[in-house]
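Reviewing the structure listed below.
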Amino acid sequence: MVLLNTDRLVIRNFSAGDWQALQELAIQYQASESAQYEDPWPTSAEDVKGMAGWFAGGDDYLAVCLRATGHLIGLVALERRQGQAGRVHNLGYVFHPGYHGQGYATEACRAAIAYLFGPLEADGILTGTNPANEASIRLLKRLGLVQVAPGEFSLSREEGLAAGPE
């Protein structure tokens, strides 16, 4: 069970009951400019219920909710990367377009990084984004990740612990 609190957010495990909020997130995300960089998300009630159930089955996908209201505004993904030496995790994120530009993604991802390098004792983060997704690249750089190839970014445990939360 994961529960991370920041000044404005609660980051927690999904529950199967989150499906309607997740469906709204998926619909809004699919209509946004950011969606062009990823494969399409399911938006039907049946598909999203399945996705919410799958997310709720582990600690790899976490719901990002406003602390004041509990409203789900995004998600962070922390799945372990297979085929990597050591404990290397992905850092993924999707946020409702209505909450872009307010620092929520930065706040949630900083908390996720602290969790990865703290309790999970990850050795590093290796993640990717479409090289044309300038907003995502800016976020990854703001979080301290270093570009190691076009669209690929990494952060070692030492770098992550040295940076700490801001």
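Of the residues in segment 145-157, at least one is outside any strand (DSSP E or B), modelled with pLDDT of 95 or more, more than 23 Å from GLN23 (Cα to Cα) and under 15 Å from the mean Cα position of the chain (by Cα). Based on what the data block shows, is SER32 polar (S, T, N, Q) and either in contact (Cβ under 8 Å) with a residue 40 or more places away in the chain or in contact with a helix residue (DSSP H, G or I) (Cβ under 6 Å, 6 or more places away or on another chain) (or both)? In short, yes.
Any residue that is hydroxyl-bearing (Ser, Thr, Tyr) and under 23 Å from ARG157 (Cβ atoms) - is there at least one of those in segment 43-65? Reasoning before the result, please.
Step one: list which residues in segment 43-65 are hydroxyl-bearing (Ser, Thr, Tyr), which gives 43-44, 61.
Restricting the remaining residues to those that are under 23 Å from ARG157 (Cβ atoms) gives 61.
Checked against the condition, which is being hydroxyl-bearing (Ser, Thr, Tyr) and under 23 Å from ARG157 (Cβ atoms), segment 43-65 yields at least one hit.
Among the residues making up segment 28-69, those that are exposed (fewer than 14 other Cβ atoms within 10 Å of the Cβ) and closer than 20 Å to TYR104 by Cβ are ALA31, GLU33, ARG67, ALA68, THR69.
Counting only residues that are charged (D, E, K, R) and surrounded by 15 or more Cβ atoms within 10 Å (Cβ to Cβ), how many does segment 70-80 have? Even if it seems obvious, please write down each step before you answer.
Here is the first cut: in segment 70-80, the residues charged (D, E, K, R) are 79-80.
Pick out the ones that are also surrounded by 15 or more Cβ atoms within 10 Å (Cβ to Cβ) and you get none.
Counting residues in segment 70-80 that are charged (D, E, K, R) and surrounded by 15 or more Cβ atoms within 10 Å (Cβ to Cβ) gives 0.
For residues that are buried (at least 17 other Cβ atoms within 10 Å of the Cβ) and among the polar types (S, T, N, Q), scanning just segment 7-27, find the one that is farthest from ALA105 (Cα to Cα). Ranking the candidates gives GLN23 first.
Each residue in segment 120-141 was checked for being of a type in the set (D, E, K, R) and either crowded, with 17+ Cβ neighbours inside 10 Å or in contact with a helix residue (DSSP H, G or I) (Cβ under 6 Å, 6 or more places away or on another chain) (or both), and 1 of them qualify.
Residues are listed down the side, and each one gets a yes or a no for (1) modelled with pLDDT of 95 or more; (2) farther than 17 Å from ALA35 by Cβ:
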{"residue": "ALA63", "(1), (2)": "yes, yes"}
{"residue": "HIS71", "(1), (2)": "yes, yes"}
{"residue": "TYR93", "(1), (2)": "yes, no"}
{"residue": "GLN102", "(1), (2)": "yes, yes"}
{"residue": "ILE125", "(1), (2)": "yes, yes"}
{"residue": "GLY128", "(1), (2)": "no, no"}
{"residue": "ASN133", "(1), (2)": "no, no"}
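Identify, from the list LEU22, LEU66, LEU75, the residue that is touching a Leu at 6+ places or on another chain (Cβ under 9 Å) and in contact (Cβ under 8 Å) with a residue 60 or more places away in the chain.
Numbers: LEU22 fails: in contact (Cβ under 8 Å) with a residue 60 or more places away in the chain; LEU66 fails: in contact (Cβ under 8 Å) with a residue 60 or more places away in the chain.
Of LEU22, LEU66, LEU75, the one residue that is touching a Leu at 6+ places or on another chain (Cβ under 9 Å) and in contact (Cβ under 8 Å) with a residue 60 or more places away in the chain is LEU75.
Pairing residues of segment 116-128 that are more than 11 Å from SER154 (Cβ to Cβ) with residues that are in a loop (DSSP other than H, G, I, E, B), at Cβ distances under 8 Å and at least 6 apart in sequence or on separate chains, gives LEU116/LEU78; LEU116/LEU91; LEU116/ALA122; LEU120/LEU78; LEU120/ARG87; GLU121/ARG87; ALA122/ARG87. If you scan segment 149-159, which residues turn out to be hydrophobic (A, V, I, L, M, F, W, C) and free of Cβ contacts under 8 Å to residues at least 12 places away in the same chain? Correct list: ALA149 only.
The values are calculated or read from the model by the stated rules, or taken from the named source; none is laboratory data. Everything quoted here is computed from the prediction, not taken from an experiment. As a convention, Cβ positions derive from the backbone with ideal geometry for all residues, glycine included, and neighbour counts pool all protein chains shown.
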